[in-house]
Amino acid sequence: MEKVEQFLRGVELDNRTAALLTAAACGVGALVVLARKVTSHQRAKDKIQRARDRRAESLQRAEQAVLRYKESHPTTDSAAILSLSLSELTKQLREGLLSPEDVFYIYMEKTLDVHKKLNCCTGILLESFDQLKTIGSNKDGLLYGVPVSIKENIAYKNQDSSCGVLINLDQPAQKDSVLVEVLKRQGAIPFVKTNLPQGLLNYDCSNPIYGQTVNPHNLQKTSGGSSGGEGALIGGGGSLLGLGSDIGGSIRIPASFCGICGFKPTAGRLSSQGVKPIYQGQKSILSSPGPMAKDVESLALCMQALLCDHMFSLDPTVPPIPFNMQKYQSTKPLRIGYVEHDGYMQPSPSMARGVREVKALLEQAGHTLVPYTPLKIDYVATELLVKGIFADGATTLLQQLEGGPLDPCLRVQVAPYYLPKWLKKTISFLLKPFSPRGSANFNAISGVGSVPNLWKQHAAVEEYIRETIADWRRCNIDVLLCPVIGPAYNFLYCGTVTTILTYTMLYNLLAFPAGVVPVSTVTAEDEEELKHYKGTYQDHWDKLFKQAVSGAEGLPVAVQCVALPWQDELCLRLMKEVEQLVKQSRE
């Protein structure tokens, strides 16, 4: 009996020891997890600080170089050079009436000034100062002596292309992207990289590394995105010509918000080698790099410069189709489809008015305008657009966002992505009776689920492209005039009002060329009409959109022009005509 008692006491002791050891192990484990979190947080802070320090140093060195140049060239007429269009500037540079040095330093000074107001640059490309010294060897280039800004995700040797995420910092590009190489061969001087939103898949322009870019026309509004740094810098006068990229409106939306022109070419018309996406392998919605500028003529000149033998040689995957000047300069009357409302999201009053006014001008100029509505837009919005971009249930995007803080512009947008698939599906089911769009969106962000389903999704995209082209032919239309998202939003709405993207992302899905031209400004009447805005579904997104665009009197209003694949020059031709007709109507 005594032995049994001793044994039980031993067991009791062992249990107590085990409990103490377990508690200690849990405590140590918790400390290890906490220590790792603290270390990870500190590592992220250090990475961000290094990137900010690099930017600050490049800005400071550029500022010092500008001051030195101004001291030795006190008579240079900055205002006269800044007032020239790109075609006027290239002509004067070619004829020797202007020196590349004067142009470069004047635009560098203006960029530094604009950046202080708008926070649009991620760094000055200090190598541009060295390129300037040897620029004489490229005198025959179509862009000889032109300073060009580039979006941060476009590779430039020894510079990061972070896409606004920490995981990509401290990984400088090994070589220039094909487009940067071609720009240099054409005599252009890439001189600054510009800001974008965290992870690119958002149409605001803010990230935890470089902060929020603001609108050149109103500092309380966003510049739009994802090529928002370009939109702000060009809209603010700091650059004449820039390169952006567009997967859902990322060139066209900031162009609309900032009152400039932007062009998304046919997917594959320009090389994407060295243009970094947030993730690779997604084939449903195609991204395109493209030009942004103050006027359409500049976009056409840039396309002409890029579509050259040098690009076709560097990237043999690009069809060797040079710029068709005859098609761009044609004056043949066109049959133009016009969209006032896509049936999924009611446009803002100024968006719709822009289309109506331009329609009237085109009719007066002898063109035929016919009403058009995109096919099956409710189905396309979620089943092809959202499900296409997030076929993996947004897993890859979330992996890219790891290791750092989430930017405020992205938080609301990505919160549902973190939910497990079963919960997304459950929420989708519960929302169905009273929020059709909410239900469809939650179902779409669950992804396609399997490889056979992904193939079915790709087949559905191909079928939709065929149907749309057949519908254009049935309506006998050459080109399309339609609204573009606008006017510029108040902060923190871009991540919540995703339903409006049907107006731009549709043409990435279709791989149609599309461009944006400013045509007006928001009036007091537009603001008054907005007070009565209800929306198509009168749901959460409609209410948010109304709030997003309010308080925009005086801000730019744009329209969008679209053509069939590989008809880029025809799209630019329509844009050019719209620009000229609007200008004449004001005179």
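Could you sort W455, W566 by accessible area so the largest value comes first, with the probe set to 1.4 Å?
If we order W455, W566 from most to least accessible, we get W455, W566.
Excluding ligands, DNA and RNA, what is the solvent-accessible area per residue of the range 82-201 at a probe of 1.4 Å, expressed in Å²?
Per-residue accessible area for the range 82-201 comes out at 34 Å².
Just how much of T373 is accessible, in Å², when a 1.4 Å probe is used and the result is rounded to the nearest 10?
80
Restricting the count to DSSP beta bridges whose residues both fall in the range 147-247, what percent are antiparallel, rounded to a multiple of 5?
Among the beta bridges of the range 147-247, antiparallel pairing accounts for roughly 35 percent.
Among residues other than G438 whose Cβ falls under 14 Å from its Cβ, what is the net charge (Lys/Arg +1, Asp/Glu -1)?
+2
For the chain, report the translational diffusion coefficient in µm²/s to the nearest whole number, using Stokes-Einstein at 4 °C, 1.567 mPa s, and a Kirkwood Rh over Cα pairs.
For these conditions, the coefficient is 51 µm²/s.
State, in angstrom, two size descriptors of the range 45-164 derived from its alpha carbons: Rg to one decimal place and Dmax to the nearest whole number.
According to the Cα coordinates of the range 45-164, Rg and Dmax are 15.3, 50 Å.
So for each of 574-580, 80-86 I average, over its residues, the number of other beta carbons within 10 Å; can you give me the resulting order with the highest mean first?
574-580, 80-86
Counting only protein chains, not ligands or nucleic acids, how are K425, K117 ordered by accessible area (probe 1.4 Å), most first?
I get K117, K425, largest accessible area first.
Provide the solvent-accessible area of L492, counting protein heavy atoms only and rolling a 1.4 Å probe, rounded to the nearest 10 Å².
100
Show me, bin by bin at 10 Å from 0, the whole-percent P(r) of the range 480-548 based on Cα pairs.
16, 46, 35, 4
Around E363, with a cut-off of 14 angstrom between Cβ atoms, what is the net charge of the other residues, counting Lys and Arg +1 and Asp and Glu -1?
Result for the neighbourhood of E363: +1.
Once label points are set 7 Å from the Cα along Cα→Cβ at both R50 and I321, what is their separation, rounded to one decimal in nm?
Placing both labels 7 Å along Cα→Cβ, they lie 4.3 nm apart.
What percentages make up the Cα-Cα pair-distance distribution of the range 160-232 when the bins are 5 Å wide from 0?
4, 17, 20, 20, 18, 14, 6, 1
Tilt of helix 2-72 relative to the longest C-alpha principal axis of the chain, in degrees (0 to 90, nearest 10)?
Long axis of 2-72 versus the principal axis of the chain: about 20 degrees.
Of the heavy-atom accessible surface of the chain (probe 1.4 angstrom), what whole percent is carbon and sulfur?
56
Out of residues 5 or more away from V519 or on other chains, whose amide H comes under 5 Å of its own, with H placed 1.01 Å from N in the peptide plane?
For V519, the qualifying residues are V557, A558, V559.
Using a 1.4 angstrom probe on the protein heavy atoms only, could you order H341, H540 from most to least accessible area?
The ordering from most to least exposed comes out as H540, H341.
What do you get for the angle between helix 540-549 and the principal long axis of the chain? Use alpha-carbon atoms, 0 to 90 degrees, nearest ten.
50
Measure nothing fancy, just the Cα-based angle from helix 568-586's long axis to the longest principal axis of the chain, in degrees from 0 to 90, nearest 10.
So the inclination is approximately 70 degrees.
What does the C-alpha gyration tensor say about the overall shape of the range 398-529? Classify as rounded when a/c is under 1.5, otherwise prolate if a/b is larger than b/c, or oblate.
In terms of gyration-tensor shape, oblate.
Return the inverse of the average 1/r over all pairs of distinct C-alpha atoms in the range 281-416, which is the Kirkwood hydrodynamic radius, in Å to one decimal.
Answer for the range 281-416: a Kirkwood hydrodynamic radius of 19.7 Å.
Would you kindly compute the Cα radius of gyration of the range 350-430 and its largest Cα-Cα separation (Dmax), both in Å?
When restricted to the Cα atoms of the range 350-430, Rg and Dmax are 20.2, 57 Å.
Less than 10 Å Cβ to Cβ from G551, Lys/Arg counted +1 and Asp/Glu -1: what total charge do the surrounding residues give?
Around G551, the charge tally is -1.
The values are calculated or read from the model by the stated rules, or taken from the named source; none is laboratory data. Treat the numbers as computed from the prediction; the structure is a model and nothing was measured. Backbone-built Cβ (ideal geometry, glycine too); neighbour counts: all protein chains shown. Please note that ligands, DNA and RNA were not included when accessible areas were found on the heavy atoms of the full protein model with its side chains. Shrake-Rupley method; radii C 1.70, N 1.55, O 1.52, S 1.80 Å.
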